[in-house]
1. Evaluate the following for residue 117: is it open to solvent by 10 Å² or more (accessible area, probe 1.4 Å), within 28 Å of residue 227 (Cα to Cα) and basic (Lys, Arg)?
2. For the stretch 32-67, give me each residue that is crowded, with 17+ Cβ neighbours inside 10 Å and in a loop (DSSP other than H, G, I, E, B).
3. Confirm whether residue 122 is touching a helix residue (DSSP H, G or I) at 6+ places or on another chain (Cβ under 9 Å), modelled with pLDDT of 65 or more and open to solvent by 60 Å² or more (accessible area, probe 1.4 Å).
4. Of the numbered conditions (1) modelled with pLDDT under 85; (2) open to solvent by less than 60 Å² (accessible area, probe 1.4 Å), residue 15 satisfies every one except a single condition; which is it?
5. Residues 231, 171, 137, 131: which one is surrounded by fewer than 21 Cβ atoms within 10 Å (Cβ to Cβ) and either under 30 Å from residue 114 (Cβ atoms) or acidic (Asp, Glu) (or both)?
6. Of the residues in the stretch 178-202, how many are closer than 27 Å to residue 168 by Cβ, open to solvent by 80 Å² or more (accessible area, probe 1.4 Å) and in contact (Cβ under 8 Å) with a residue 12 or more places away in the chain?
Amino acid sequence: MDNLFLKYMRERTGRRKSSGPSFYAPGPVITISRDYGCPGRRIARLLSETLTEKNKRMGREVEWKWLSKEIIEESARELKLSPTLIQDLSDYRTRGFFENLALFFSEEFYPGDVKIKNTIARFIYNAASEGNVVIVGRAGESITKNFEKSFHVKLQAPLDWRAEQVANTYGMSLSEAKKEAIEMDKRRSQFRNYFEKNRPDIDFFDIFFNCATMTDEEIIEMIIIVAETRGFV
């Protein structure tokens, strides 16, 4: 069965698109998904800064922002989640039946997996609708795919390269970092599958970058070229 929240949002977006020449078009939004160990947040920050600066040079006071951790924090505030559960969300951690049962009888409020994911999706949809935003992760590409003013990026790299980045960042051994990367890729995939139903990446992403062979600056420049071509800037 299709995700009812996404079905509602797609229909809502479609209605806006077909309402005549003065219709409201949500966006622009750029989403960045990444394999674990690829610099999604760093590229999002630099990209938003560069887009803002380009607008200023053209005499436009339009500021681009980027969202990653804020998505979880705002969703958690809305759901009144405890710090422990917020961390689980940040790590894409899902709970089994007995863990959910234990939480039900504890003092911690746990609203349920579906409600949490739909709350996250609603926050992403609303932020993207306001426009001029770069969204990192959280299946943003699926939630905003029907936006006319959207561009969807996937950052990838070989596992060994990503493990080295993780090891250097968190002080792990290479073997530990490789296990961590594999586990996080699995968790992110499970989260995305709630929205994307095991559909292939090519159904959602416009462009793929290999972070092992391209610099941050090269990736950002390529994204900006497309953004300018599509009239985002």
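1. Details: open to solvent by 10 Å² or more (accessible area, probe 1.4 Å): yes; within 28 Å of residue 227 (Cα to Cα): no; basic (Lys, Arg): yes.
Against the criterion (open to solvent by 10 Å² or more (accessible area, probe 1.4 Å), within 28 Å of residue 227 (Cα to Cα) and basic (Lys, Arg)), residue 117 does not qualify.
2. 35, 36, 37, 38, 39, 64
3. Details: touching a helix residue (DSSP H, G or I) at 6+ places or on another chain (Cβ under 9 Å): yes; modelled with pLDDT of 65 or more: yes; open to solvent by 60 Å² or more (accessible area, probe 1.4 Å): yes.
Considered against the rule, which asks whether it is touching a helix residue (DSSP H, G or I) at 6+ places or on another chain (Cβ under 9 Å), modelled with pLDDT of 65 or more and open to solvent by 60 Å² or more (accessible area, probe 1.4 Å), residue 122 comes out as yes.
4. Among (1) modelled with pLDDT under 85; (2) open to solvent by less than 60 Å² (accessible area, probe 1.4 Å), the lone unmet condition for residue 15 is (2).
5. 131
6. Residues flagged as closer than 27 Å to residue 168 by Cβ, open to solvent by 80 Å² or more (accessible area, probe 1.4 Å) and in contact (Cβ under 8 Å) with a residue 12 or more places away in the chain within the stretch 178-202 amount to 2.
The values are calculated or read from the model by the stated rules, or taken from the named source; none is laboratory data. As the structure is a computational prediction, the values presented were derived from the model and not from experiment. Here the Cβ is made from the backbone with ideal geometry for all residues, glycine too, and neighbour counts use every protein chain on show. Side chains are part of the model used for accessible areas, which takes the heavy atoms of the whole protein and leaves out ligands, DNA and RNA. Shrake-Rupley method; radii C 1.70, N 1.55, O 1.52, S 1.80 Å.
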